[in-house]
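Input: a single structure, listed below in structure tokens.
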Amino acid sequence: MTHAPSSPDAAHASAVTASTVTLHDGTVMPRLGYGVWQIDDARVAPLVRAAIDAGYRSIDTAAIYDNEQGVGAGIRSSDVAREELFVTTKLWNDQHATDAARRALESSLRSLGLEQLDLYLVHWPSPHRGLYVDAWRALVQAREDGLVRAIGVSNFGPEHLDRIIDATGVVPVLNQVELHPYFQQGELRRFHAEHDIATEAWSPLGQGGELLHDPVVVDLAQSRGCTAAQLVLRWHVDLGNVVIPKSATPSRIVENATLPATPLTDDERDRLAALDRGPSGRIGPDPATASF
Ligand code: NAD
């Protein structure tokens, strides 16, 4: 299934780890980040350290992942200066009320051992709670107070984005959503482009399942002398996505930061575009109906 990079074109760590995206508020963010969902607090520190050693400069966690302390310990164990790292965490759904959201942010900062976050996201709109506009107001205030450099959202659809923008006049810098070749989110990506909102892909590898064994993905990867994961991550980068693959295996952490050097050809892109399954390609919950 996996093939060591073999052609001179295949291994290309420096370009992706150094590649950045400038968000609409001027904040510069690494295009590649290390996601740490489902990695226990007790295990995460050396893996964060391994990711930093492999060249990652961005870490994506969340209060609900219950591993912020370990993430902070991993960051402190590295030789890389805090200013060179980009740390994202997220506000959980039961803390949307404005005061609760502020307390949740302060708690995340304490757990991480940081004075300031680089990016704070409202994790889900949780429309059944009816409080995501309040949550967004709390993030706007937190940015004004200097606790976070940039603010964004996650799992928001156009209707949720419109609502927070109309209510506050503040456009999130980024929306972190499920996105991979089986669920390409074309309509939402167009909405983001119209509003200058960066698209960040969660589960970019389709959680390492069927996608990485798809005959088209495997065939294209073999032709390039790279792995299926590397091919899919190159597809994300070519689309302009910020991407946060997760692995708890050090060799894969390195592999996921080592992408084919040249962009996909039109033919390669077309073959991957044809894998889109629309809404049935989702792995995770639909944010419009999720009841947590
Ligand atoms: P992913 O698509 O990154 O897949 C991760 C899995 O793929 C790993 O557990 C492993 O099984 C496999 N894998 C990783 N590298 C591989 C490789 N090189 N070769 C073969 N298999 C490989 O899925 P994810 O963890 O769901 O998403 C990435 C990150 O996105 C998370 O860690 C988290 O930070 C974020 N996320 C956010 C939300 C949200 O609601 N905002 C939801 C899910 C995930």
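Observations, loosely collected:
- Measuring how big the chain is from its alpha-carbon positions, Rg and Dmax come out at 18.3, 55 Å.
- Among D79, D267, the sequence by solvent-accessible area, most first, with a 1.4 Å probe is D79, D267.
- Against the criterion of solvent-accessible heavy-atom surface with a 1.4 angstrom probe, K246, K90 sort, most first, into K246, K90.
- Net charge in the neighbourhood of A198 (other residues with Cβ under 11 Å of its Cβ; Lys, Arg +1, Asp, Glu -1) is -1.
- Accessible-area ranking of V71, V21, V28, largest first, probe 1.4 Å: V28, V21, V71
- With an a/c value of 1.5 or above and a/b larger than b/c for the gyration tensor axes a ≥ b ≥ c computed over the alpha-carbon atoms, region 1-144 is described as prolate.
- Probe 1.4 Å, protein heavy atoms only - accessible area per residue of the chain in square angstrom: 41
- For region 243-283, a/c is not less than 1.5, where a ≥ b ≥ c are the root eigenvalues of the C-alpha gyration tensor, and a/b does not top b/c. That puts it in the oblate class.
- For the chain, calculated [θ]222 nm from helices alone, where every DSSP H run of n ≥ 4 adds -39500 (n - 2.57): -11500 deg cm²/dmol
- Near V16, once Lys and Arg are set to +1 and Asp and Glu to -1 for all other residues with Cβ below 9 Å from its Cβ, the sum equals +2.
- Between 0 and 90°, nearest 10: helix 186-195 axis offset from the chain longest Cα axis: 50
- Proximal charge balance of R149 [Cβ under 9 Å; K/R count +1, D/E count -1]: -1
- Antiparallel DSSP beta bridges within the chain, percent to nearest 5: 15
- Gyration tensor verdict on region 145-292 (Cα atoms; rounded if a/c is under 1.5, prolate if a/b is larger than b/c, oblate otherwise): prolate
- Accessible area (Å², 1.4 Å probe, nearest 10) - S280: 100
- Within the accessible area of the chain (1.4 Å probe), percent carbon and sulfur: 48
- Antiparallel %, DSSP beta bridges [both residues in region 167-292], to 5: 10
The values are calculated or read from the model by the stated rules, or taken from the named source; none is laboratory data. Since the model is a prediction, treat every value here as computed from it, not as a measurement. Neighbour counts are summed over all protein chains in view; Cβ atoms, including those assigned to glycine, are modelled from backbone coordinates with ideal geometry. Each accessible area value is taken on the protein alone, full model and side chains, heavy atoms only, with ligands, DNA and RNA left out. Shrake-Rupley method; radii C 1.70, N 1.55, O 1.52, S 1.80 Å.
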